Amino acid sequence: MKHASDETPADLSGASEADERIGLTEAFAPVSDSDASHAGGFSYRGDSDDEYPDALDSLEPQDPPAVVFDGSEPVVPDEPAGKHGRQRKDNVPPYQRKSRRMRRILIAVIVLLVLLLGALGFFAWQWFNQSQLVAAQQAQEQKSVQDVDALAKDGTSDADTATTKTTDVPDLVALLGRTQEEAVAALQRGATVTSTREVNEEGNPIKTSVTVALSGEPSDTRSGTPTVYLGLGEDGAIVQAGYSAATASLGYGSLSFVDAVENDRIIEKTLQEAGIAVSENTVELPEDRSGYSTYASDGTTLVKESCSFNGTADIDGAAHEWSSVLLYDYTTANASGNLADTIRTIYVYINA
């Protein structure tokens, strides 16, 4: 065994000589690969810009990679991270893809909400206008009904309707048994035949129906000209005579339907003028108003009041059947809101 003390001066002198040879120049000289391998230590090769990009360079805009077409599908060539730290689209982090997808969904939802709000606003506006129109119509109809009901209760007259008698009821009894020509001559008042119709009804004695307009009489603006109706039998003699006119032409104002029948006795008075002797209080209205009233589909708007009456009268010792109809038509009055536009017409007939 060799001890330190056994080292010769020659060995120490050799070490010192080697140390003396390592000066400043040798210490900082490049180390060769062989030397490094021989030394078995770390070899520093220096920094590279490509491997360690500058921090400011990484903030510059990223250029998209070029797309190469090979004739079938576009191919994006692999591109290593370069000086600017470019990343492929496939390398976008999942949280960024999810964020983009959520933004698209939110935009679509917002667009749908805007469209829905616009549609709701449009329909609300349409509904408001329609409700206003319906309310106005209902108010007008209700007013007409109230006016008619008030007229029916008090018998109020309308100042716009003439109450002066402008025509007389012809003597219908005097026309029975005459021919058409004789009746027209007897009526005078500008009597003009306006229509002739054949009647073919089994058991009906009337075979021909003739309408005669009294064109010489004042015409009512709503009901027209007073008219005479003649029913001719097989031999051409008159077996039925009738007459119609506006109640205003006969001197009756805007009376309610009930008032005209039960208070003014318009049926009995008109029959008497036609030569048919009937006593007062001969006719009565049904107790139930629905028996002579007609309403619109809403169940409240009165559109018509009409009632038929009939009986027997003694004429020259012989019984003759008579009939009468009183008609109040409120259709025009409901449309205009003016009760004066009500069409009031009375019909009376006498049979041979």
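Data table
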quantity	calculated
Selection from the range 249-280 of residues that are open to solvent by 30 Å² or more (accessible area, probe 1.4 Å), within 22 Å of residue 220 (Cβ to Cβ) and free of Cβ contacts under 8 Å to residues at least 24 places away in the same chain	264, 269, 272
Tally of residues being of a type in the set (S, T, N, Q) and under 29 Å from the mean Cα position of the chain (by Cα) across the range 305-340	5
Single residue of 336, 323 found to be without any contact (Cβ under 8 Å) to a residue 12 or more places away in the chain and open to solvent by 20 Å² or more (accessible area, probe 1.4 Å)	336
Subset of the range 162-177 that is over 19 Å from residue 248 (Cα atoms) and assigned to a loop (DSSP other than H, G, I, E, B) - its residue that is nearest to the chain's Cα centre (by Cα)	172
The range 194-231, subset over 19 Å from residue 274 (Cβ atoms) and β-branched (Val, Ile, Thr), residue farthest from the chain's Cα centre (by Cα)	208
Qualifying positions in the range 339-352 - among the polar types (S, T, N, Q) and open to solvent by 20 Å² or more (accessible area, probe 1.4 Å)	351
From the options 293, 306, residue that is modelled with pLDDT of 95 or more and over 30 Å from residue 175 (Cα atoms)	293
All helices (runs of 4 or more DSSP H) inside the range 249-338 with 2 or more residues being farther than 20 Å from residue 349 by Cα and touching a His at 6+ places or on another chain (Cβ under 7 Å)	none
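The values are calculated or read from the model by the stated rules, or taken from the named source; none is laboratory data. Owing to the predicted nature of the structure, the values given are computational and were not obtained by experimental measurement. Cβ atoms come from the backbone with ideal geometry, glycine included; neighbour counts cover every protein chain shown. Just so you know, the surface numbers come from the protein's heavy atoms only, side chains and all, with ligands and any DNA or RNA stripped out. Shrake-Rupley method; radii C 1.70, N 1.55, O 1.52, S 1.80 Å.
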